[in-house]
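*Asks:* Questions regarding the structure given below will be posed in turn.
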């Protein structure tokens, strides 16, 4: 995909905020002609920068080629503060409190390894972070999905307790 300009980025932001926004609403919000908004949306969909519903953005199209998973050990009294600190870092995509080794797991993105190192330093500066362990994602084989789960539930609507597929 060619480089995204400011209008593309603002359009993606509006689509993430409200994936069901109508083209006329988007054009009004962004201050552009309806045809401009429509053609930009088509191009973003065609090139894969935005997928399906409008909430799934291809991070590579934004220049973020690196995905890493960080397990964070936290001083338990500082857990809420650590999560609040992670919330302020724009490269943090999601955060989960976990069991097992470590206390918090987060997925981050970066433009390259130097940018990732900078993000990791920001995480380590958060009060209450004791240590981190980082794993790089090499390739996404199955993106986040809910369709198979919904299909199974639709076939067996009263059976929500099954934990494994019988395939």
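The values are calculated or read from the model by the stated rules, or taken from the named source; none is laboratory data. These numbers come from a predicted model, not from an experiment. Neighbour counts run over all protein chains shown; Cβ positions are idealised from the backbone, glycine included.
*Asks:* Pick out the one residue from 70, 98 that is touching a residue at least 60 places away in the same chain (Cβ under 8 Å) and over 28 Å from residue 46 (Cβ atoms). Can you show your working first?
*Replies:* Values: 98 fails: touching a residue at least 60 places away in the same chain (Cβ under 8 Å).
Exactly one residue qualifies, and that residue is 70.
Okay, residues lined up against (1) surrounded by 15 or more Cβ atoms within 10 Å (Cβ to Cβ); (2) modelled with pLDDT of 95 or more; (3) in the same structural domain as residue 13 (by TED's automatic domain parsing):
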{"residue": "95", "(1), (2), (3)": "yes, yes, no"}
{"residue": "98", "(1), (2), (3)": "no, yes, no"}
{"residue": "132", "(1), (2), (3)": "yes, yes, no"}
{"residue": "145", "(1), (2), (3)": "no, no, no"}
{"residue": "149", "(1), (2), (3)": "no, no, no"}
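*Asks:* Does the range 62-74 contain any residue that is in a helix (DSSP H, G or I) and surrounded by 15 or more Cβ atoms within 10 Å (Cβ to Cβ)? Please lay out each step first, then the result.
*Replies:* Keep residues of the range 62-74 that are in a helix (DSSP H, G or I), which gives 62.
Imposing the further condition that a residue be surrounded by 15 or more Cβ atoms within 10 Å (Cβ to Cβ) reduces the set to 62.
Scanning the range 62-74 turns up at least one residue that is in a helix (DSSP H, G or I) and surrounded by 15 or more Cβ atoms within 10 Å (Cβ to Cβ).
*Asks:* Please work out which one of (1) more than 23 Å from residue 137 (Cα to Cα); (2) touching a residue at least 12 places away in the same chain (Cβ under 8 Å); (3) out of contact with any helix residue (DSSP H, G or I) (no Cβ under 9 Å at 6 or more places or on another chain) is the condition residue 8 fails and give its number.
*Replies:* Of the numbered conditions (1) more than 23 Å from residue 137 (Cα to Cα); (2) touching a residue at least 12 places away in the same chain (Cβ under 8 Å); (3) out of contact with any helix residue (DSSP H, G or I) (no Cβ under 9 Å at 6 or more places or on another chain), the odd one out for residue 8 is (3).
*Asks:* Considering only residues that are assigned to a loop (DSSP other than H, G, I, E, B), touching a strand residue (DSSP E or B) at 6+ places or on another chain (Cβ under 6 Å) and closer than 23 Å to residue 140 by Cα, which ones fall in the range 83-111? Full working, then the answer.
*Replies:* From the range 83-111, those assigned to a loop (DSSP other than H, G, I, E, B) are 88-91, 98-103, 111; that's our starting set.
Then drop every residue that is not touching a strand residue (DSSP E or B) at 6+ places or on another chain (Cβ under 6 Å), which leaves 91, 98, 102-103.
91, 98, listed by residue number.
*Asks:* Within the range 16-38, how many residues turn out to be modelled with pLDDT under 95, out of contact with any helix residue (DSSP H, G or I) (no Cβ under 9 Å at 6 or more places or on another chain) and either in a helix (DSSP H, G or I) or over 30 Å from residue 112 (Cβ atoms) (or both)?
*Replies:* So the count comes out to 4.
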